[in-house]
1. Go through (1) within 25 Å of the chain's Cα centre (by Cα); (2) open to solvent by 30 Å² or more (accessible area, probe 1.4 Å); (3) modelled with pLDDT under 95; (4) within 29 Å of Trp57 (Cβ to Cβ) one by one and return the number of the condition Glu160 breaks.
2. Can you run down the residue pairs with Cβ atoms below 6 Å, 6 or more apart or on separate chains, where the first is in region 112-130 and closer than 11 Å to Cys102 by Cβ and open to solvent by 50 Å² or more (accessible area, probe 1.4 Å) and the partner is at pLDDT 95 or above and not basic (Lys, Arg)?
3. Just to be sure before I move on: is Ile45 modelled with pLDDT of 95 or more and over 19 Å from Cys140 (Cα atoms) in the structure I sent?
Amino acid sequence: MAANNTSRTQKHLAVLIDADNAPAAIVEGLFEEIARYGVASVKRIYGDWTGPQLGSWKNVLLDHSIVPIQQFAYTKGKNATDSSLIIDAMDLLYTRRFEGFCLVSSDSDFTRLASRIREEGLLVYGFGEQKTPRPFVAACDKFIYIELLRSDPPGATGVEDRPASETAKVADDGKAARQPKVPLAFIAKIMDDIADEDGWAHLSALGTNISKLRPEFDSRTHGYKKLSDLIKGHPKTFELQTRNSPGGTAVLYARHRQ
């Protein structure tokens, strides 16, 4: 009985991947990330599998039980894959078997699809590169940049042959150069808006409200594994406090130092 109750509380997700606009190098990180939000009940990937351009995806399909959907390019310069994915998404939507969809693409053509799914009250998790057009990002409940999920081969940073101390410095400098500035003022404003009379805000509620306004926000983009780590990493701006709930569970609260 316990197992059945657990399965009912899991969100069933349909994962639809645009193979033309997503690299196979993300596949491990992609499904690890999706597992944080629910169960990938359907896993489909769309593209023209008759050509060599999707060879890297062909090598990982069986290992991850992803069903390839063949879509020929009827006319040169026209992307029939998008239409095929959208039609399947609507068919799956009307089955009423899912609580959410994972749309894996950097293509803005899926903006209206994401909006339509949300109109039905379902969650939409988007996965795409940082170049993904803003309208598609904003149409999702949560948007994860796939640069965070890539499994690049060793040597990608080009620092392996350096002395240890120099390697660390180069790696740190490169990391700092890639990471965007933490939007401290934005986080502080949301924190102040939802805080209690003493200025404390539930960290979980803070994360939820941040995602509502900026679906693409991810603490990992700024070099922090979790939102709590980001808050702790800026002690001059924020304060973090652990409280025990009536049930004995530790609950994190944050406050903006003004």
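1. So Glu160 meets the others, but not (1).
2. Leu123/Gly100; Leu123/Asp141
3. Answer is yes for this residue.
The values are calculated or read from the model by the stated rules, or taken from the named source; none is laboratory data. Worth saying up front: this structure is predicted, and the values here are computed from it rather than measured. Note: ideal-geometry Cβ built from the backbone for every residue, glycine included; neighbour counts use all protein chains shown. When the accessible area is computed, the model is the full protein with side chains, heavy atoms only, and any ligands, DNA or RNA have been set aside. Shrake-Rupley method; radii C 1.70, N 1.55, O 1.52, S 1.80 Å.
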